[in-house]
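Here is the structure we will look at.
The values are calculated or read from the model by the stated rules, or taken from the named source; none is laboratory data. None of the values given here were measured: they were computed from a predicted structure. Glycine also receives a Cβ, built like all others from the backbone with ideal geometry; neighbour counts cover every protein chain displayed.
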């Protein structure tokens, strides 16, 4: 079925209701025939919290990270309280990652040291609950050589199954050649990289409109990072590198046709632009996966399936910043077949993060 035809059938006239609803019915009866393995679920540790307080001079902001607020106890719980919440929501396993902005605000020695500590704590939590937790490695891009060593340690010794970066580091993105050793290591280690949002870098700071900082500015920031990687030819250089974007792809899937069209247009006008072997949309469909974090809604999911294919979509909640039971209930209510829900919630997640 053509993408346009799919969208019309999925989004117009309530046609979603005509799809197989057996998965929703089974979930409502407590008999979900697949596992829920959300993959953007945050934690932090007291040492990083204290360092963030000092760095921000105890003045909370989007740039400083979660140094105050009701989410803090949930973020720091890597034990029984978190597990009880997962059980209540029907979550089988969380794939954990250090909350934004991680260690990327700190000086190099502090960032490297705290990154290692966070990874050790994460590995300990996984060891204590190996069927309930998996994890993505933290690293300090501020020191690319140290970042490579830490990624190797996390993959080979701690057995973490991916890595996460909170978008820019001091306004710089991973398309800068000085960070390419990190990308090379990720490809060699077969570690998918989750690019997670944070406060906007100076170049896109205008996107952080008050009241829309998270709902819009974070997506613009993170989507910009992804497009910079594509435009820099990163996936010609590292063709097996896998990138994961949350929040239904930070808006990119819904712009892919225009992105491809205008890429050709701009390169016709400015022949000194980057040369790519393929169109930007091809890299996105081949090297990126997207998650449903904060976006467990029928209409954008239908559009994403039509644009990138169901095998490129992973279930996520964005705990504790989203309501975990509600996110699960919202996804359960989406009218998809059992097999399609199994792909999004379990099969694709297992394949991506080698669970």
Exactly one condition in (1) within 20 Å of the chain's Cα centre (by Cα); (2) surrounded by fewer than 21 Cβ atoms within 10 Å (Cβ to Cβ); (3) at positive phi is not met by residue 57; state its number. (1)
Unmet requirement for residue 233, which otherwise passes all of (1) surrounded by fewer than 16 Cβ atoms within 10 Å (Cβ to Cβ); (2) on the phi < 0 side of the Ramachandran plot: (2)
Can you tell me which residues in region 194-216 are buried (at least 23 other Cβ atoms within 10 Å of the Cβ), in contact with a helix residue (DSSP H, G or I) (Cβ under 6 Å, 6 or more places away or on another chain) and not in a loop (DSSP other than H, G, I, E, B)? 195
Among the residues of region 304-319, how many are touching a strand residue (DSSP E or B) at 6+ places or on another chain (Cβ under 8 Å) and touching a residue at least 40 places away in the same chain (Cβ under 8 Å)? 9
2 or more residues under 14 Å from the mean Cα position of the chain (by Cα) and within 24 Å of residue 191 (Cα to Cα): qualifying helices (runs of 4 or more DSSP H) within region 240-355: 348-353
Note: among 71, 89, just one is in contact (Cβ under 8 Å) with a residue 24 or more places away in the chain, more than 18 Å from the chain's Cα centre (by Cα) and either closer than 26 Å to residue 32 by Cα or surrounded by 21 or more Cβ atoms within 10 Å (Cβ to Cβ) (or both), namely 89
For region 304-321, enumerate the residues that are touching a helix residue (DSSP H, G or I) at 6+ places or on another chain (Cβ under 6 Å) and either crowded, with 20+ Cβ neighbours inside 10 Å or under 12 Å from residue 252 (Cβ atoms) (or both). 304, 306, 307, 308, 313, 314, 315, 317, 320
Residue 83 is checked against (1) within 20 Å of the chain's Cα centre (by Cα); (2) within 30 Å of residue 338 (Cα to Cα) and fails just one. What number does that condition carry? (1)
Identify, from the list 143, 107, the residue that is surrounded by fewer than 16 Cβ atoms within 10 Å (Cβ to Cβ), farther than 22 Å from residue 321 by Cβ, without any contact (Cβ under 8 Å) to a residue 40 or more places away in the chain and over 21 Å from the mean Cα position of the chain (by Cα). 107
Restrict the check to region 35-56 and report whether at least one residue is within 19 Å of residue 301 (Cβ to Cβ), at pLDDT 95 or above, out of contact with any strand residue (DSSP E or B) (no Cβ under 8 Å at 6 or more places or on another chain) and assigned to a loop (DSSP other than H, G, I, E, B). yes
Apart from one, (1) part of a helix (DSSP H, G or I); (2) closer than 30 Å to residue 158 by Cα; (3) touching a helix residue (DSSP H, G or I) at 6+ places or on another chain (Cβ under 9 Å) all hold for residue 225; the odd one out is (3)
